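This report concerns only the one structure given below.
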Amino acid sequence: MSTYGHDTIVPFKESVESKKKQVENMFDKIAFRYDFLNRFLSAGIDVSWRRKAIKELKDLQPQNILDVATGTGDFAITSYKILNPANITGIDISDGMLELGRKKVKKLGLSNKIQLLNGDSEAILFGDKSFDAVTVAFGVRNFENLEKGLNEIYRVLKPGGKLVILEFSKPTAPVIKSLYKLYMKFITPKIGKLISKNNEAYKYLNDSVQQFPEKETFTNILKKLKYRNSFYKTLSLGICTIYCGEK
């Protein structure tokens, strides 16, 4: 199974713990400010990114959806509002994020429709062919082994089921690219440290984005792992990308 540059990028370089454990600890630490920082750092554009990604599932009308790396449940909640499926299950390795997500789900009266569980994207605790669709928003960069996680998702998808991934990417237009690099390398970590008291998390964000196999490289990985009709769509001048593949 192939490995990729971002597989080895970790939040805490001095730690001897696995990437998976470091990511779990990192999100537990920043959970209390995660949603606020997402809105703040993206100027609210992340909300429209999520909606556009979820609309890739409208024609499929999935009734049973798995949201991998669900975090505080934003993608799962937005998916329910747009698609109105029978059930959405979100999994994440961070109990701190899940706790906040469950509070949001309960407040919205959706506890009978959305369940958020502690779960590992690379060892999904559901049987083969369990879900009509699987979504991942800003989570595949955090997989310890990208291909292993994508293979697990393929396993739990029903034939004809669809994977939709939303992930940060690097813009290619020269001026935008330069501004983006400046923002991600210097401004984002400083704001992250100021608001969440955690500099490592937002430095890790930039480092992992820089190493992520994006666009055609990523869709080729999906094809290699037997996903059909794989494609991508860039958003906001290439700052974010939607990836889709079918089983």
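Here are the numbers for the structure shown:
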{"item": "Subset of the stretch 186-198 that is under 22 Å from Ser15 (Cβ atoms) and at pLDDT below 70 - its residue that is surrounded by the most Cβ atoms within 10 Å (Cβ to Cβ)", "result": "Gly192"}
{"item": "Close pairs (8 angstrom Cβ cut-off, 6 or more residues apart or separate chains): in contact (Cβ under 8 Å) with a residue 12 or more places away in the chain in the stretch 111-127, of a type in the set (Gly, Ala, Ser) and part of a strand (DSSP E or B) anywhere", "result": "Ile114/Gly90; Gln115/Gly90; Leu116/Gly90; Leu117/Gly90"}
{"item": "Qualifying position, being in contact with a strand residue (DSSP E or B) (Cβ under 7 Å, 6 or more places away or on another chain) and not aliphatic (A, V, I, L, M), among Lys197, Lys203, Lys223, Lys193", "result": "Lys223"}
{"item": "Selected residue (criterion: nearest to Thr219 (Cα to Cα)) from residues of the stretch 143-163 that are of a type outside the set (Lys, Arg) and in a strand (DSSP E or B)", "result": "Leu163"}
{"item": "Flag if Ser79 is under 30 Å from Tyr180 (Cβ atoms), surrounded by fewer than 16 Cβ atoms within 10 Å (Cβ to Cβ), out of contact with any Gly (no Cβ under 7 Å at 6 or more places or on another chain) and of a type in the set (Ser, Thr, Tyr)", "result": "no"}
{"item": "Test result for Ile124, surrounded by 14 or more Cβ atoms within 10 Å (Cβ to Cβ), closer than 24 Å to Leu60 by Cα, modelled with pLDDT of 95 or more and not small (Gly, Ala, Ser)", "result": "yes"}
{"item": "Conditions (1) out of contact with any Phe, Trp or Tyr (no Cβ under 9 Å at 6 or more places or on another chain); (2) at pLDDT below 85; (3) polar (S, T, N, Q); number of the one not met by Ser15", "result": "(2)"}
{"item": "Test result for Asp35, crowded, with 16+ Cβ neighbours inside 10 Å, touching a residue at least 24 places away in the same chain (Cβ under 8 Å), of a type outside the set (Val, Ile, Thr) and in contact with a Leu (Cβ under 9 Å, 6 or more places away or on another chain)", "result": "yes"}
{"item": "Those helices (runs of 4 or more DSSP H) lying entirely in the stretch 170-221 with at least 3 residues touching a residue at least 24 places away in the same chain (Cβ under 8 Å) and of a type in the set (A, V, I, L, M)", "result": "199-211"}
{"item": "Residues located in the stretch 1-32, provided they are buried (at least 19 other Cβ atoms within 10 Å of the Cβ), closer than 18 Å to Ile93 by Cα and in contact (Cβ under 8 Å) with a residue 24 or more places away in the chain", "result": "Asp7, Ile9, Val10, Pro11, Lys19, Val23, Glu24, Met26, Phe27, Ile30, Ala31"}
{"item": "Tyr183 more than 14 Å from the chain's Cα centre (by Cα), on the phi < 0 side of the Ramachandran plot and crowded, with 18+ Cβ neighbours inside 10 Å", "result": "no"}
{"item": "Residues of the stretch 222-247 satisfying the condition of being free of Cβ contacts under 8 Å to residues at least 60 places away in the same chain and among the hydroxyl-bearing types (Ser, Thr, Tyr)", "result": "Ser230, Tyr232"}
{"item": "Every pair of residues 6+ apart whose Cβ atoms lie under 7 Å, when the first sits in the stretch 132-144 and is over 15 Å from Ile65 (Cβ atoms) while the second is of a type in the set (Gly, Ala, Ser)", "result": "Val140/Gly149; Arg141/Ser208; Asn142/Ala69; Phe143/Ser121; Phe143/Gly149; Glu144/Ser18"}
{"item": "Meets criteria (more than 17 Å from Ile124 (Cβ to Cβ) and touching a Leu at 6+ places or on another chain (Cβ under 7 Å)) for Thr172", "result": "no"}
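The values are calculated or read from the model by the stated rules, or taken from the named source; none is laboratory data. Note that the structure is predicted; figures quoted are calculated from it, not measured. As a convention, Cβ positions derive from the backbone with ideal geometry for all residues, glycine included, and neighbour counts pool all protein chains shown.
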